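Undergrad: Encoded as structure tokens, here's the structure I'll be asking about.
No value in this document is a laboratory result; all are computed from the given coordinates. Given the structure is predicted, the values throughout are model-derived calculations rather than measurements. Positions of Cβ are backbone-derived with ideal geometry, glycine not excepted, and every protein chain shown enters the neighbour counts.
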Amino acid sequence: MPPVGEAPRTAIELSDRALVRHFPQLETVLSHTLDRRRMLKLLGLALASGGVAGCDPGTPDRGFVSAVRAAEGVVPGLPNIYATAHVRDGYAEGILVAHQMGRPIKIEGNPEHPSSLGATDVMAQALVYDFYDPDRATGPLHKGMPTSWPDLAAAMQKMRATAMTPRADGTHAGEGLRILTGTITSPTLGRAIEQVLAAFPGAVWHGWDAIGRENVTRGLGLAYGIPVSVIADPGQADVLLALDSDLLDSAPGHLSHARAFAARRNPVNSTMNRLYAVEPTPSLTGVAADHRFIATPGMMNEVIGRLSARLLQNEAPSGGPDWLAPVAADLRAHHGRAFVHLGPDYPPEAQAAVLAMNEALGGRGKVFSIAESPLYQPAVPTSTLKALMDDMERGAVQAVLILDVNPASQSPRFAAALKHVSTSIALSDRPHETALAAQWHVPLAHAMEEWGDARGHDGTVALIQPQAMPLYGGMNALSALHACLGQSLRPAMDLLRETWRDQLPSPRDWHDALATGVITGTASRLVDVPLRQVAMRVASPAPSPRTPPGPVLLLRPDPYLWDGRGANNPWLQELPRPLSKVVWDNPLLIPPDMAQAMNLRNGDRVILTCGTTRTQLPVWIQPGQATGCVVGLLGWGRRHAGETGSNVGCDLYPFREAEGFVRIEAARGDSISVPSTEHHATLIDATPSDVARRGTLAQFHDRPDFLVEAPTPQDTLYRREPDAPVAWGMSIDLNACIGCNACVTACQVENNIPVVGRDEVLRQREMHWLRIDRFYEGTEHAPDTFFQPMLCMHCEQAPCETVCPVGATTHDSEGLNVMVYNRCIGTKFCSNNCPYKVRRFNYFAFAATESRPAISRNPDVSVRARGVMEKCTFCVQRIAQARIAADRDGTGEHVVTACQAACPTRAISFGDINDPNAEVTRRKASPLTYAALPEQGTHPRVTYEGRILNRNPAIPS
Amino acid sequence: MTAETGAKVEDGPLIFPTETPHSLTEHICATTLHEGEDGWTPLWWWLGLGFALSLLGMGVISVAWLFYAGLGIWGIDWPVAWGFDILNYVWWIAIASGGTFISALFFVLRAPWRTSLNRLAESLTLCAALCAAIFPILHLGRPRFFYWLFPYPNTMGLWAQFRSPLVWDFFAILAYVLCSIVFWYFGVLPDLAILRDRAQRRWQQVFYGVLALGFRGSGRQWRHYQPVYGVMAALMAPLVVSVHSIVGMDFAGGATPGWHSTQFPPFFVFGAALSGFAIVLLAVIPLRPAMGLQPYITPRHINILGCLLLTSSLCVAYAYVMDVFSTYYGPDPADRVMFAFRLHGLYAPIYWGTIMLNIVFPQLLWWRAIRLKQPVVWLICLGVLIGMWLERFQIIVTSLARTQLPSAWGQYTPTVWEWSLLCGSIGLFLTTFLLLLRFMPMLAIAEMRSMLGNRP
């Protein structure tokens, strides 16, 4: 093999290179010149090793043996469930992984974990694809070319030797060594870093996340003086004020917040709380509010300032928007039961102001508590990437170890700065931008393939245990750090056990902790630290002195791709964004008045300029967005995300570091089709049917069943109720639904629903069985937003069944509208006749063209062929399992559908409506319950509870 | 040719007085058997066949690609799951009604003028029904299993689902196509015998001999033939009504706004009559000079067909008015939203095109002068056929594009593969019709001869 970079001399060499790219292990063999004798030897070896290849190589740290005999406890057809955790930006969300015959298939929330409570978010649901992703790294790279593990070990040895070499100038060992990681809450990882830092006193650790929360951390430091965290319990609050907040959708602990919040939203079950939201662009937290006020980013500062003046200094109201006074009065009226939450995009001073407001409102200990920070080294500022890049450009960095972060994609300067570093090693699960920019790329095992731990938002430690052997090989982060120390590789599990030796002394404790997934008693201790007086003083951030000319550009993480890490996951790419329903693209979200003024329509391309940074991208009109405020979603336009995610959408990270005024010009005569699963701005007034019913709390108190139409005479002639002892039904509480889409992804994973891709979505052929319909009411400038999950209603009088000529869709005795794929000939009449339009047709062989391996599919659910109709089955496979379990154990059939299990707010309840004690029966008896499109006479088994808004009478609507 | 401009066209002759049974037989046999001086296969036939075959080839490619790649090559999607497939099917089956109306219904009614037209009209029916019959199979996601609609004993223990209008439709179409073929064939039987007897070439003798099934024109045969033909005509007349009623019920049986209407069965019969008469006029007007049929198909025929076209256009107009009335009188807001979209939405030109072509332009036929201006009548008929196609687009696509939930609103843009399939079906129609023109007698010789009676 010639040295890399030298031109290949022969065709054979050329083909060798291609071969080596795919099988880096062959490099040593191919580097020798081939004579006839050697060639024959190789051929013989290849022949002989054909059988060997089937054997399991085992891993260095575990003596795994391939399953010659069935593993104990694995019953074919039954799932095995193991607890672990999904970590995003440091914070853990406990999950349970369901395996089928040893293959991870489906993820559920871990009910024992306080950040999950049994629910999951979209990203955790989609983790299964990341695990099987064929684009993951398969071997180490050196300067972008495949290399071997021994070479890598040698390089690390060299790096260590260089770092250890005592300097002439007497600096510490390790001077010039930098470790860059994301936010860390993992005690074991923290310990490993400590050890490295101890061995190399000159080394520096940098924590950095593309979507960071350092404003919050610094705000807490400002307010309390020591590193603490706020643990909110929105369920205790009667009045909440969300200031451009991510309380319910992405803040650490958002699943538990959403659960607690939603528990107070249905007036039938509880006294309703009241949520005010003030924000420039609609967020899920904002659209869940009873009153949503729109404020530009400049106005937000003013609002915070005036509010703190009202609440802290008790100033009389003067100026500001006219809703401010009643909101402040409402907050004060609920002293001790009021909570204010500010999003992470506002400066530490504003954060401190809000913390001071909360203290003034007296909610501490009730609606929120102050606890020790779960972060590793919370005192170290985390936003230190800029400092690192400065050092790299100065030449002060000799070696950098990048652990599972991707700064090259998220900070335009980073790749260039990295060139000044003599040794750079990037650990990542795929050869992404940073891995290719660094000299060495080390494949990182997936989170489902390694041991680890991480804290949840309240500090509770979740244990991460491997769910499978590394599919593509790969190191784990703990081992990598130990390799830096030059010690022999230690199994990560030993390191983990060492950390928790005190808490889990016996193997039994360890086993129990692994089984539950959490280590009990590790929640952060509450701290009794008072608010610093200085916080009261900094508490009034001055309203921004001047508003810059032109629009304000807000950059927000994509709700599903997040900082870009989800880009190669087609489930996330094709999941409709909650409000715009856009998929496979990140158009610039513009307010309706800007669209009017510039005569822009959805999909028109504009040139976005900020200083010297410019790009071209399509626009999407976002009703309810503040005037003069445009929103770009980060995480798109990745260059090396993988087959699926590379070059999808537009990379807006450069705008984060750009300085100057923002300008938007229409690109001439240019418009592209932006794929969205909703093609019509659905103002509710234009909706012919009263499908998403809603009202106010006052109306509810007046007449609780005001949403239910006058009872129609029973059409007894046609009513035919299934007569089995069990009757499956579902109730969906629209008060609880926050539109997060976790159910949609859960349904997609559980039911092997194929992804169709951008072009097919443009042709309106997406396959989701469950969709979240979004309705706007009012003007497009300030609408109220309503979500309605829409899935197969399992009508007792199903219109689809009567029109199928071959009886491929029929009713079963338990009331399920079942679809017999094998019988379907594809007339599509059932879909035409479905008033809810929840049936999906396989126009192409979508499942066959998916990039994920077949082993990643749920074996309990048929994969549908081309030309076949499909739809929600109420998770009939889960019903069947429950029936078997009930027959075996003699207990009742307890079925939890995939959507229900994932829902953070328990909006969905499912069960036997013949059982008077079932949750679903109780909820169906609610006065708010109604059926969608009752005039169709379909008698759906899915009913909704109408949404009630708790309006403040003091605020005119 | 004085009758071409004659004022009293209603009393004009149905056959020119100069014609005798002998001359008629000579003319038709010469045409069909390719004999004599005006012996046939003119250039226009070859050009037409070439054109038809090229269209057909396009259709064959389209179908082959469809079977290989799947339904996804069409523009249909989940809100609008039916497009050109069902549209073309309904369009063709309506066109196929003309022959049956003229041949069976007016036979039962003893209208003497139908005799000159029935063979041509029935042949058109046959070709159109063939085109219609392929679409229900092509539109299936898994077309290889189309026979599951048929209740045959099978190991799966499953039958067709008889509540589905598609099953009724399957039987209606099957019955209609089979009966049309038998009726047509039974009608042509005596003429085949005549051709057999007159054929000079060996292949023609064998060809027509086999087809004639031993019909010899004996008194006994005629005694059986006449009542059987009468019974078959009496069966066909209600069958044409039932088939279009059931096609209407394909839609009326659905809960979709714009489909769910009790007037659909008669509405579809009206539409079928309109397109049936239009296609007959469309074919007859150029074929008269082209095949020298002026002595047998006179302006009086054109006049009568024009009147029928006008009548059925008025019937269709009534249905359109009732459509508007029931939408706005009825209680369903979804219907009104859909109808508003139909009137001024994306597909509004299609609605208004339908109204113009099917209702407004045919009103010109109130004037006798226009009824006798054959090019104008021909253009009106062409307009009607396009209008009927647009009407089906409007019923199928516009309704599906605006159903009850706005989140399921969609739109439909046909792809090149759907257009090529439409062209292919036209090619199939033209090819089969041209072949029939060439090899089958295009006038009912035996019936005409009995009408001519004892003219010397």
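Undergrad: Rounded to the nearest 0.05, what FRET efficiency do A:S671 and A:T162 have when you use their Cβ-Cβ distance and R0 = 41 Å?
TA: Values: r = 55 Å, r/R0 = 1.34.
Given R0 = 41 Å and the Cβ-Cβ separation, E is 0.15.
Undergrad: With 26 Å as the limit, write out which pairs from A:K106/A:K366; A:K143/A:K386; A:K837/A:K924; A:K581/A:K871; A:K871/A:K924 have Cα-Cα distances beyond it, or answer none.
TA: Working: A:K106/A:K366 36 Å; A:K143/A:K386 24 Å; A:K837/A:K924 23 Å; A:K581/A:K871 20 Å; A:K871/A:K924 23 Å.
Among A:K106/A:K366; A:K143/A:K386; A:K837/A:K924; A:K581/A:K871; A:K871/A:K924, the Cα-Cα distance tops 26 Å for A:K106/A:K366.
Undergrad: Using the basic label-point model (7 angstrom from Cα toward the beta carbon), what is the B:D11 to A:E657 distance in nanometres?
TA: Here the answer is 10.1 nm between the modelled labels.
Undergrad: Continuing with the same structure: Would you mind working out the magnitude of the charge dipole of the range A:731-949 relative to its Cα centre, with +1 at each Lys and Arg C-beta and -1 at each Asp and Glu C-beta, to the nearest 20 Debye?
TA: Roughly 620 debye for the range A:731-949.
Undergrad: Looking only at GluC sites (Glu not before Pro) in DSSP loops with at most 16 other Cβ atoms within 10 Å, what is the longest site-free stretch of chain A? Mind showing how you got there, number by number?
TA: Working: sites that count: A:E6, A:E72, A:E315, A:E643, A:E659, A:E709.
In short, A:316-642.
Undergrad: Describe numerically, in nm with one decimal, the distance between label points set 7 Å from Cα along Cα→Cβ at B:V108 and at B:H344.
TA: My value for the distance between the label points is 4.6 nm.
Undergrad: Out of residues 5 or more away from A:A85 or on other chains, whose amide H comes under 5 Å of its own, with H placed 1.01 Å from N in the peptide plane?
TA: Distant-sequence amide H within range of A:A85: A:I95, A:Q465.
Undergrad: If packing is taken as the mean number of other Cβ atoms within 10 Å per residue, what is the order of B:426-433, A:585-592, highest first? Spell out each step's value before the answer.
TA: Numbers: B:426-433: 21.0, A:585-592: 24.5.
Highest mean packing first, the order is A:585-592, B:426-433.
Undergrad: Based on Cβ point charges of +1 for Lys and Arg and -1 for Asp and Glu, what charge dipole magnitude is obtained for chain A about its Cα centre, in debye rounded to the nearest 20?
TA: It comes to approximately 1260 debye.
Undergrad: Between A:D512 and B:F67, what FRET efficiency comes out of the Förster formula 1/(1 + (r/R0)^6) with R0 = 60 Å and r the beta carbon distance, rounded to 0.05? Intermediate values should be presented prior to the final figure.
TA: Values: r = 59 Å, r/R0 = 0.99.
The computed FRET efficiency comes out at 0.50.
Undergrad: Can you classify chain B as rounded, prolate or oblate using the Cα gyration tensor, where a ≥ b ≥ c are the square roots of its eigenvalues, rounded means a/c under 1.5, and otherwise it's prolate if a/b beats b/c and oblate if not?
TA: Cα axes put chain B in the prolate bin.
Undergrad: Next question. With a/c under 1.5 counting as rounded, go ahead and sort the range A:731-949 into rounded, prolate or oblate using the C-alpha gyration tensor (a ≥ b ≥ c being the square roots of the eigenvalues; past the cut-off, prolate if a/b is larger than b/c, else oblate). The partial results should precede the final answer.
TA: Values: a/c = 1.38, a/b = 1.10, b/c = 1.26.
In terms of gyration-tensor shape, rounded.
Undergrad: Could you compute the net charge surrounding B:G410? Neighbours are other residues with a C-beta less than 11 Å from the C-beta of B:G410; K and R count +1, D and E count -1. Before the final figure, lay out each step's value.
TA: Numbers: positive: A:R763, A:R765, A:K837, B:R402; negative: A:E678, B:D77.
For residues surrounding B:G410, the net value is +2.
Undergrad: What distance in nm separates the simple spin-label points at A:A46 and A:H894, each placed 7 Å from Cα in the Cβ direction?
TA: 5.7 nm
Undergrad: Same structure, new question: At a 10 Å Cβ-Cβ cut-off, how would you order A:V303, B:V321, fewest neighbours first? Write down the numbers at each step before the final one.
TA: Values: A:V303 22, B:V321 11.
Ordered from fewest to most neighbouring Cβ atoms within 10 Å, A:V303, B:V321 come out as B:V321, A:V303.
Undergrad: What list do you get for A:M594, B:M236 if you sort them by fewest beta carbons within 10 Å? Walk me through the intermediate numbers first.
TA: Numbers: A:M594 20, B:M236 26.
Lowest to highest Cβ neighbour count: A:M594, B:M236.
Undergrad: Can you check how the C-alpha radius of gyration of the protein assembly as shown compares to 2.2 N^0.38 Å, as a plain ratio? Working shown, then result.
TA: Numbers: Rg = 38.4 Å, N = 1413, 2.2 N^0.38 = 34.6 Å.
Normalised by 2.2 N^0.38 Å, the Cα Rg of the protein assembly as shown equals 1.11.
Undergrad: With a length cut of 20 Å (Cα positions projected on each helix's long axis) and a Kyte-Doolittle mean of at least -1.0, go through chain B and give me the DSSP H helices that pass. Walk me through the intermediate numbers first.
TA: Working: long enough: B:43-69 (39 Å, 1.64); B:114-138 (36 Å, 1.12); B:165-198 (48 Å, 1.29); B:219-252 (49 Å, 0.52); B:264-291 (39 Å, 1.76); B:299-329 (44 Å, 0.91); B:374-393 (28 Å, 1.42); B:416-439 (34 Å, 1.52).
What comes out of the filter, once short or polar helices are dropped, is B:43-69, B:114-138, B:165-198, B:219-252, B:264-291, B:299-329, B:374-393, B:416-439.
Undergrad: Students often forget the sequence filter, so: which aspartates and glutamates lie under 19 Å Cα-Cα from B:K373 once same-chain residues fewer than 8 apart are removed?
TA: B:E4, B:E10, B:D11
Undergrad: Shifting gears a bit: For the range A:561-619, what class follows from the C-alpha gyration tensor (a ≥ b ≥ c being the square roots of its eigenvalues): rounded when a/c is under 1.5, otherwise prolate if a/b is larger than b/c, else oblate?
TA: Values: a/c = 2.78, a/b = 1.48, b/c = 1.87.
Here the range A:561-619 falls in the oblate category.
Undergrad: At a 10 Å Cβ-Cβ cut-off, how would you order A:S428, A:S369, fewest neighbours first? Walk me through the intermediate numbers first.
TA: Values: A:S428 24, A:S369 18.
Fewest to most other Cβ atoms nearby, the residues stand as A:S369, A:S428.
Undergrad: In chain A, which helices (entire DSSP H runs) extend 30 Å or more along their own long axis, judged by Cα positions, while averaging at least 1.0 on the Kyte-Doolittle scale? Write out the running numbers ahead of the final one.
TA: Values: long enough: none.
None pass (Cα extent of 30 Å or more, hydropathy at least 1.0).
Undergrad: Determine, from the Cβ-Cβ distance of B:A369 and B:Y318 and an R0 of 22 Å, the FRET efficiency 1/(1 + (r/R0)^6), rounded to the nearest 0.05.
TA: Working: r = 26 Å, r/R0 = 1.18.
Result of the calculation: an efficiency of 0.25.
Undergrad: Sticking with this one: Which residues make up the longest stretch of chain A that has no chymotrypsin sites (Phe, Trp or Tyr not before Pro) in a DSSP loop with at most 12 other Cβ atoms within 10 Å?
TA: On the way: sites that count: A:F64, A:Y718.
Segment A:65-717 is the longest.
Undergrad: Take the alpha carbon atoms of the range A:333-365, find their center, do the same for the range B:300-372, and report the distance between the two centers in whole angstrom.
TA: If you average the Cα positions of each part, the centres end up 67 Å apart.
Undergrad: Report the charge-dipole magnitude of the range A:552-671 in Debye, nearest 20, computed about the Cα centre from +1 at each Lys and Arg Cβ and -1 at each Asp and Glu Cβ. Kindly include the intermediate steps, with their values, before the conclusion.
TA: Details: 12 positive and 12 negative charges, 7 e Å.
That gives a dipole near 40 debye.
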